[in-house]
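Structure first, commentary second.
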């Protein structure tokens, strides 16, 4: 399950829930995911690089991560987070 939590526009944290653990998506995680997508890397190796317990957790992580996040270049992530934070804030402002 992919979730996002925001405290302010600039401080948006995106997390992916895998079983009982939340994995924050940041530039480091995106670099590892892009490496996984572009090179021959096993799920065991992905789990090790992400600090997960098993290949099943790595599989659940990849399955839960949306494709638009997965293919975002790490250098663009901070701008994408800011843009999404603004969208979330404007949407919540319209509802309230």
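The values are calculated or read from the model by the stated rules, or taken from the named source; none is laboratory data. Model, not experiment: these values are computed from the prediction. Counting neighbours? That spans all protein chains shown, and the Cβs are built from the backbone with ideal geometry, glycine included.
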Scanning region 23-37 residue by residue, those in contact with a strand residue (DSSP E or B) (Cβ under 7 Å, 6 or more places away or on another chain) and surrounded by fewer than 15 Cβ atoms within 10 Å (Cβ to Cβ) turn out to be 24
Looking for something at pLDDT 90 or above and within 15 Å of the chain's Cα centre (by Cα) - is there at least one such residue anywhere in region 77-90?
yes
Only one of (1) at pLDDT 95 or above; (2) surrounded by 14 or more Cβ atoms within 10 Å (Cβ to Cβ); (3) part of a loop (DSSP other than H, G, I, E, B) is not met by residue 40, so which one is it?
(2)
Look at residue 37 and say whether it is more than 13 Å from the chain's Cα centre (by Cα) and under 21 Å from residue 79 (Cβ atoms).
yes
From (1) surrounded by 16 or more Cβ atoms within 10 Å (Cβ to Cβ); (2) in contact with a helix residue (DSSP H, G or I) (Cβ under 7 Å, 6 or more places away or on another chain); (3) touching a residue at least 40 places away in the same chain (Cβ under 8 Å), pick out the condition that doesn't hold for residue 74.
(1)
Conditions first: (1) outside any helix (DSSP H, G or I); (2) out of contact with any helix residue (DSSP H, G or I) (no Cβ under 7 Å at 6 or more places or on another chain); (3) crowded, with 17+ Cβ neighbours inside 10 Å. Residue 60 passes all but one, so which condition is the exception?
(1)
Part of a helix (DSSP H, G or I), exposed (fewer than 15 other Cβ atoms within 10 Å of the Cβ) and at negative phi: is that true of residue 68 in this structure?
yes
Taking residue 48, is it closer than 23 Å to residue 78 by Cβ and either at pLDDT 95 or above or not in a helix (DSSP H, G or I) (or both)?
no
